[in-house]
Amino acid sequence: MKLLQMIADIGPHQWEQMAIKMPGRTGKQCRERWHNQLNPLLKKARWSIEEDWILYILNETVKNRWAEITNVLLGRSDNSIKNYWNSTLCSKQKALEKDLQSYLKKATKDEQPENLATKRQQFLNDILQFYIRQSQEQYFEHINEKIHALKTDPVAESEQKITSFKIRLMEEALLYHEDIRAQDASKSGGMQSF
């Protein structure tokens, strides 16, 4: 609570200064606690099937560059992505590959052999984009629900500053993503892309 109060006062930076006020903690520990636990933009809900597919497909292409994958899986920290991959999704890998091969077989049944690699890549890109859109919509809905809960639930006076900070941070993130989506839509001639 003390760390969250300091972050609400000065923002999520100046970690070494915060650590000075928290005996036994380093700046790195404070920063990691914010990025992996306290940030209200984090999604701590159960992983969706869309997120499973995104992580599986991206792991096929970018491997274990977790920080890059966080740019696609909104609300998931690189640490939570790595932990989920190693603890859960790794064991689902064979089933996902089997499903993917089945989908690919249906999608490429009428293709010439020389076109199969291109068709496979196109199919993977299409499915990835579909799941990214679905996942991002789920994330925005999740953030809106968190904002609504914070605005409607009674808050102790000592926590009002923290609550206001969380709401502001989440609303700014939603506005930022709306701007990005509008720019993408205008670039693609009205079609939304992510």
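Based on what the data block shows, is Trp47 buried (at least 16 other Cβ atoms within 10 Å of the Cβ), at pLDDT 95 or above, among the aromatic types (Phe, Trp, Tyr) and within 19 Å of Phe130 (Cβ to Cβ)?
Yes: the conditions hold for Trp47.
Quick one: would you say Arg120 is basic (Lys, Arg), in contact with a helix residue (DSSP H, G or I) (Cβ under 8 Å, 6 or more places away or on another chain), assigned to a loop (DSSP other than H, G, I, E, B) and free of Cβ contacts under 8 Å to residues at least 60 places away in the same chain?
So Arg120 does not fit the description; no.
Return the residues of region 28-48 that are more than 17 Å from Ser87 (Cβ to Cβ) and in a helix (DSSP H, G or I); say none if nothing qualifies.
Selection gives Lys28, Gln29, Cys30, Arg31, Glu32, Arg33, Trp34, His35, Gln37, Leu38.
List the residue pairs whose Cβ atoms are under 8 Å apart, where the first residue sits in region 134-155 and is under 18 Å from Leu38 (Cα atoms), the second is among the charged types (D, E, K, R) and surrounded by fewer than 17 Cβ atoms within 10 Å (Cβ to Cβ), and the two are 6 or more positions apart or on different chains.
Taking only residues 6 or more apart or on different chains, the pairs are Ile147/Glu171.
Does region 49-60 contain any residue that is more than 17 Å from Leu124 (Cβ to Cβ) and not basic (Lys, Arg)? Before the answer, list the steps.
Of region 49-60, the ones more than 17 Å from Leu124 (Cβ to Cβ) are none.
Scanning region 49-60, I find no residue that is more than 17 Å from Leu124 (Cβ to Cβ) and not basic (Lys, Arg), so the answer is no.
When you go through (1) at pLDDT below 95; (2) within 13 Å of Leu41 (Cβ to Cβ); (3) not aliphatic (A, V, I, L, M) one by one for Arg133, which number turns out not to apply?
(2)
Taking Leu100, is it touching a helix residue (DSSP H, G or I) at 6+ places or on another chain (Cβ under 7 Å) and closer than 23 Å to Trp47 by Cβ?
Answer is no for this residue.
Would you check which residues across region 59-104 are assigned to a helix (DSSP H, G or I), touching a residue at least 12 places away in the same chain (Cβ under 8 Å) and within 24 Å of Leu174 (Cα to Cα) and list them?
Scanning region 59-104 gives Trp66, Ile69, Asp78, Asn79, Ser80, Ile81.
Can you pull out the residues in region 101-138 that are surrounded by 13 or more Cβ atoms within 10 Å (Cβ to Cβ) and of a type in the set (A, V, I, L, M, F, W, C)?
Matches in region 101-138: Leu104, Ala107, Phe123, Leu124, Ile127, Leu128, Phe130, Ile132.
Can you tell me how many residues within region 29-55 are under 14 Å from the mean Cα position of the chain (by Cα) and of a type in the set (Phe, Trp, Tyr)?
Qualifying residue count, region 29-55: 2.
The values are calculated or read from the model by the stated rules, or taken from the named source; none is laboratory data. Predicted model, so just to flag it, every value in this text is computed and none were measured. Ideal geometry is used to build each Cβ from the backbone, glycine not excepted, and the neighbour counts take in all protein chains shown.
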